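A quick write-up on the structure given underneath.
The values are calculated or read from the model by the stated rules, or taken from the named source; none is laboratory data. Keep in mind it's a predicted model, so treat the numbers as computed, not measured. Here the Cβ positions follow ideal geometry from the backbone for every residue, glycine too, while neighbour counts run over all protein chains shown.
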Amino acid sequence: MARREWLNLNGMERRGDGICRCRRPFTLVQPGVSPLAEIRGVTSGAPMPCFPSRRLSRCLTGLLVFLALLAGGSLLALLRTPQAGHARPAVGGPVVAVRAEDSPLAVTGPCQDTFVAHDLAHTSRAGEAVPRLFDSNGSGLAINDLDGDGRLDIVLADLAGPLAILWNRGHLQFERQELPLLRRARGVAAVDVDGDTRLDLVVTHGVAAPAFFRNQGNRHFQLTPMPGVQRPAYAMAWADLDRDGDLDLVTGSYDAGRQQEVGANYLFGASAGVWVYLQADGRWQGQQLAEAAQALAIAVWDLDDDGRPDIWVGNDFDEPDRIWLQRDGTTWLEATPFRQTAHSTMGIDRGDIDGDGIPEYFATDMKPYSIHPRDLAPWLPLMEAATQERRPWDPQVSENVLLVRAGDRYVNRAYPSKVDATGWSWSAKFGDLDHDGHLDLYVVNGMIAADLFPYLPQGELVESNQALQNQGRGRFLPAPGWGLDSRRSGRGMSMADLDDDGDLDIVVNNLNSPAQLFENRLCLQGKGLVVELRWPGSRNPYAIGAQAILHTGQGPLLRDVRAVSGYLSGDPASVHFGVPRGSDPLSLEVHWPDGAVTWLEQPLPGHRLTLIREDGP
């Protein structure tokens with residue numbers, strides 16, 4: 001185990017004085033010792049020596065004695081295992097107990113070692129038979145349980161037609177319902193905006209403020225104002241930014257598309273850019289962070305490990321990505337933690353791809369995935385016209401970026417990880433598709449634009465979506481045998497367990513072709529564990545912004561509860577773990593959006609686990 005892994009695994013932070021201080025609860029597992037012999041401890045941020053892993057066995061005894069004395073208890077108290085469902089003391093926030101409910105996941109038939117594609121009753125189209133910029137950007141989707149029946153439903157946006165809800169009837173059968181009040185939908189999020197425990201729909205459409213469809217129950221949605229949310233938005237993200245218990249909103253405009261759609265009125269319309277809207281008592285207080293934006297993706301994550309969510313806006317064209325670090329909920333400091341960013345960021349996701357307990361960040365751009373003449377030829381005229389000299393001070397690169405933590409900055413490791421080129425890429429998501437304990441990567445791609453590709457039939461750059469299998473330690477290789485190489489020009493994409501069998505299925509909203517559901521029928525290397533967090537006493541009852549860490553004999557597995565990720569795509573209010581055979585879960589650690597912490601011992605793979613927090617914010 002490398003030194004950095006040892007320090008991170010144990011939640012410790014090296015300071016300049018050579019002292020480590022605990023940032024969160026930690027688990028010590030001596031190399032070569034059964035996970036059953038694990039020893040856990042908690043401190044309150046007191047200093048202690050930092051030991052490299054090669055000294056772990058020699059120093060373990062002294063460290064345990066130190067912890068026992070610090071806690072005022074005996075060594076036996078450190079070794080005692082709490083009862084399942086009881087919270088364990090943790091650093092960083094109060095400890096909260098939960099009520100745990102679990103149910104076994106469905107058992108499916110024989111595997112086929114591939115994904116099986118199913119067409120869905122929806123085709124997203126632009127206004128013209130052959131789209132032009134920026135209708136060519138297509139639309140997104142969202143997946144969540146909108147009617148509370150325990151099955152995940154699908155919401156598909158469209159530019160030329162109505163928003164469509166596909167109600168999940170079980171066994172991958174769906175019933176279509178249209179919301180005819182909205183056209184030209186771009187991004188979709190299924191979130192509980194008003195905290196009434198029903199999941200609402202929020203939709204962006206580029207030239208105006210987001211549309212809020214309040215869930216009235218019984219599959220009925222009412223178009224409802226959001227007082228104070230007034231600025232045009234293309235991309236959005238949701239989180240409890242000020243930790244007051246309700247969800248706040250971040251929006252970004254796509255100024256190039258807005259100018260094209262409204263023409264000369266663009267100069268006289270409402271100013272757009274990047275806005276933060278804090279919610280309080282049903283109203284929204286707006287704060288503008290940037291006057292202009294070309295935002296195709298927005299992510300809200302803690303980038304500097306201070307416990308507060310920060311903002312990353314992924315911009316198209318020469319407008320660089322912009323990052324704001326939060327200071328107190330209303331104060332935002334613009335920063336440049338990334339040494340490189342994508343030139344035209346189109347989708348953003350994050351995940352711990354190398355198992356070191358630290359998440360990596362991935363952003364998509366445009367770069368041919370093959371130099372074979374057949375694949376490269378359609379790109380060449382456009383590449384020749386767009387070629388420009390790289391400015392040495394410019395952090396933007398025309399390829400995907402994989403940002404890995406290196407000290408207080410992030411460096412781009414996309415090329416050595418073999419994820420720098422996935423075609424004209426849109427939505428990208430990490431997920432453990434084969435249950436080997438490593439996060440895989442799926443990227444949808446393709447482009448249809450008459451004004452960009454007049455030399456191609458129907459103006460279409462036809463490409464194969466890219467499935468990349470994580471080989472361990474964050475190195476990826478193509479997985480052509482998985483059956484995910486659709487050539488239908490995908491745009492929005494999300495992963496979720498749609499048939500309740502514990503593995504991740506995939507939904508793609510294509511442009512000018514039927515949307516697709518890819519049913520996971522791989523011969524898996526382990527079992528799935530689906531975790532849902534519920535906090536009905538708060539105005540964030542689905543715990544958006546929480547983090548779940550599954551501690552296993554193989555190492556920690558990190559997941560985020562998020563509302564949106566990728567490109568214009570909403571995610572379900574649950575997290576999925578693939579648990580490989582021989583790597584049983586030891587404990588589940590949950591960090592709630594308000595900083596509180598819960599521990600659960602030995603969750604069962606092959607189950608859906610719901611943790612219900614019964615206190616208020």
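When you scan region 175-205, how many residues do you find that are among the hydrophobic types (A, V, I, L, M, F, W, C) and at pLDDT below 95?
The first filter runs over region 175-205 and keeps only residues among the hydrophobic types (A, V, I, L, M, F, W, C), leaving 179, 181-182, 185, 188-191, 193, 199, 201-203.
Within this subset, residues satisfying the condition of being at pLDDT below 95 are 179, 181-182.
Residues meeting the conditions: 3.
So GLY217 passes all but one of these: (1) buried (at least 17 other Cβ atoms within 10 Å of the Cβ); (2) more than 30 Å from PHE518 (Cβ to Cβ). Which condition number does it fail?
Looking at each condition in turn, GLY217 falls short on (1).
Can you pull out every residue in region 245-269 that is closer than 23 Å to MET226 by Cα and either of a type in the set (Gly, Ala, Ser) or at pLDDT 95 or above (or both)?
Listed by number, the residues that qualify are GLY245, ASP246, LEU247, ASP248, LEU249, VAL250, THR251, GLY252, SER253, TYR254, ASP255, GLY269.
Which number in (1) in contact with a Lys or Arg (Cβ under 6 Å, 6 or more places away or on another chain); (2) at positive phi marks the one condition that GLY595 misses?
All conditions pass for GLY595, except number (1).
May I ask you to verify whether GLY545 is touching a residue at least 60 places away in the same chain (Cβ under 8 Å), assigned to a loop (DSSP other than H, G, I, E, B), buried (at least 23 other Cβ atoms within 10 Å of the Cβ) and not aliphatic (A, V, I, L, M)? Don't jump to the end; show me each part of the working.
Working: touching a residue at least 60 places away in the same chain (Cβ under 8 Å): yes; assigned to a loop (DSSP other than H, G, I, E, B): yes; buried (at least 23 other Cβ atoms within 10 Å of the Cβ): yes; not aliphatic (A, V, I, L, M): yes.
Taking the combined requirement at face value, the residue satisfies it.
Which residues, taken from region 458-512, are of a type in the set (A, V, I, L, M, F, W, C), over 16 Å from PHE430 (Cα atoms) and in contact with an Asp or Glu (Cβ under 7 Å, 6 or more places away or on another chain)? Before you say what the answer is, go through the steps one by one.
Looking only at region 458-512, we keep the residues that are of a type in the set (A, V, I, L, M, F, W, C), and these are 461-462, 467-468, 476-477, 479, 482, 484, 493, 495-496, 498, 504, 506-508, 511.
In the following step, the residues that additionally are over 16 Å from PHE430 (Cα atoms) were identified as 461-462, 498, 511.
Selection gives LEU498 alone.
Among the numbered conditions (1) surrounded by fewer than 21 Cβ atoms within 10 Å (Cβ to Cβ); (2) among the hydrophobic types (A, V, I, L, M, F, W, C); (3) within 19 Å of the chain's Cα centre (by Cα), tell me where VAL590 comes up short.
Every condition holds for VAL590 apart from (1).
Looking only at region 484-520, which residues are aliphatic (A, V, I, L, M), closer than 14 Å to ARG125 by Cα and in contact with a Lys or Arg (Cβ under 7 Å, 6 or more places away or on another chain)?
LEU511
Please work out which residue is surrounded by the most Cβ atoms within 10 Å (Cβ to Cβ), limiting yourself to region 299-340 and to residues that are over 18 Å from the mean Cα position of the chain (by Cα) and closer than 20 Å to SER425 by Cβ.
Restricting to residues being over 18 Å from the mean Cα position of the chain (by Cα) and closer than 20 Å to SER425 by Cβ, the top hit is ASP316.
Checking the condition within 30 Å of ALA280 (Cα to Cα), of a type in the set (Asp, Glu), modelled with pLDDT of 95 or more and in contact with a strand residue (DSSP E or B) (Cβ under 7 Å, 6 or more places away or on another chain), which residue from ASP365, ASP420, ASP349, ASP440 passes?
On the way: ASP365 fails: within 30 Å of ALA280 (Cα to Cα); ASP420 fails: within 30 Å of ALA280 (Cα to Cα); ASP440 fails: within 30 Å of ALA280 (Cα to Cα).
None of the others qualify; the one that does is ASP349.
Got at least one residue in region 528-537 being among the aromatic types (Phe, Trp, Tyr) and in contact with a Phe, Trp or Tyr (Cβ under 9 Å, 6 or more places away or on another chain)? Break it down into steps so the answer makes sense when it comes.
First, the residues of region 528-537 that are among the aromatic types (Phe, Trp, Tyr): 535.
Of the ones still in play, those that are also in contact with a Phe, Trp or Tyr (Cβ under 9 Å, 6 or more places away or on another chain) are 535.
So far as region 528-537 goes, yes, one or more of its residues are among the aromatic types (Phe, Trp, Tyr) and in contact with a Phe, Trp or Tyr (Cβ under 9 Å, 6 or more places away or on another chain).
So SER103 passes all but one of these: (1) within 24 Å of the chain's Cα centre (by Cα); (2) within 30 Å of TRP535 (Cα to Cα). Which condition number does it fail?
(1)
Any idea which of (1) buried (at least 24 other Cβ atoms within 10 Å of the Cβ); (2) within 23 Å of VAL444 (Cβ to Cβ) is the one LEU550 doesn't satisfy?
(2)
Any idea which residue in region 422-445 is nearest to PHE338 (Cα to Cα), counting only those that are outside any strand (DSSP E or B) and not aliphatic (A, V, I, L, M)?
Step one: list which residues in region 422-445 are outside any strand (DSSP E or B), which gives 422, 432-439.
Cutting the leftovers down to not aliphatic (A, V, I, L, M) gives us 422, 432, 434-438.
Values: THR422: 21, ASP432: 26, ASP434: 31, HIS435: 31, ASP436: 30, GLY437: 27, HIS438: 24 Å.
By that ranking, first place goes to THR422.
Only residues in region 402-425 that are farther than 15 Å from ILE348 by Cβ count as the first member; pair them with residues that are in a helix (DSSP H, G or I), Cβ under 8 angstrom, at least 6 apart or cross-chain, and list the lot.
If the second residue must be in a helix (DSSP H, G or I), the pairs left are ASP420/ALA414.
I'm trying to understand the selection: among the residues of region 464-496, which are within 25 Å of ASP158 (Cβ to Cβ) and either part of a loop (DSSP other than H, G, I, E, B) or among the aliphatic types (A, V, I, L, M) (or both)?
SER464, ASN465, LEU484, ASP485, SER486, ARG487, ARG488, SER489, MET493, MET495, ALA496
Regarding GLY582, is this residue closer than 21 Å to GLY357 by Cβ, modelled with pLDDT under 95 and either outside the structural domain of ASP310 (by TED's automatic domain parsing) or not in a loop (DSSP other than H, G, I, E, B) (or both)? It would help to see each step written out before you state the result.
Details: closer than 21 Å to GLY357 by Cβ: yes; modelled with pLDDT under 95: yes; either outside the structural domain of ASP310 (by TED's automatic domain parsing) or not in a loop (DSSP other than H, G, I, E, B) (or both): yes.
The answer is yes for GLY582.
Find the residue count for region 564-578, including only residues that are of a type in the set (Gly, Ala, Ser) and within 8 Å of the chain's Cα centre (by Cα).
To start, the set of residues in region 564-578 that are of a type in the set (Gly, Ala, Ser) comprises 565-566, 569-570, 573-574, 578.
Remaining after also requiring within 8 Å of the chain's Cα centre (by Cα): 565-566.
Of the residues in region 564-578, 2 are of a type in the set (Gly, Ala, Ser) and within 8 Å of the chain's Cα centre (by Cα).
Do we have any residue at all in region 504-527 that's outside the structural domain of ARG243 (by TED's automatic domain parsing), among the β-branched types (Val, Ile, Thr) and in contact (Cβ under 8 Å) with a residue 60 or more places away in the chain?
no
Considering only region 316-421, give the helices (runs of 4 or more DSSP H) lying wholly within it that have at least 1 residues that are of a type in the set (S, T, N, Q).
On the way: elements: 373-376, 380-386, 414-417.
Filter on region 316-421 gives 414-417.
Report, by residue number, each residue of region 446-459 that is outside any loop (DSSP other than H, G, I, E, B) and touching a residue at least 40 places away in the same chain (Cβ under 8 Å). First the steps, then the outcome.
So the first thing to find is which residues in region 446-459 are outside any loop (DSSP other than H, G, I, E, B), and the list is 447-448, 457-459.
Within region 446-459, MET447, ILE448, GLN458, GLY459 meet the criteria.
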